[in-house]
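Read the figures in this text as sums done on the coordinates, not as results from a lab. Please read all numbers here as calculations on a predicted model, not as lab measurements.
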Amino acid sequence: MNDASKAPATPRRHHKELVGVVTAAKMQKTIVVKVSRRIQHSLYQRYVNVSKKFYAHDEQGEARAGDTVRIVSSRPLSKLKRWRLAEVLSRRTSVD
């Protein structure tokens, strides 16, 4: 018997997941997702909203501006893209 056949399969890495709102979907196969979180200010103890933009890969072009989406980390896909679209959680409700 081969020792390689006894070894368990390598476990898959757990990728980071974030939930945010799509702010732009005008590029080909790329969306911009704004992820907001609440942190407590270290000195003033007040809660502050902090947001950050992430570029994510959207292969089918299914996400639109205003949609709430889940993105997961991936290998570097371009200079800025380090995330990919996992699923669209909810569609934009109001039409601008």
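Restricting attention to the chain, close to 95% of DSSP beta bridges with both partner residues there are antiparallel.
One equal scatterer on each Cα of the chain, no solvent, Debye formula: the resulting log10 I(q)/I(0) at q = 0.18, 0.22 Å⁻¹ is -0.83, -1.06. Mean sequence separation of contacting Cα pairs (under 8 Å, at least six apart), scaled by the length of the chain, corresponds to a relative contact order of 26 percent.
The count of lysine pairs in the chain whose Cα atoms are under 22 Å apart, excluding pairs fewer than 8 places apart on the same chain, comes to 23.
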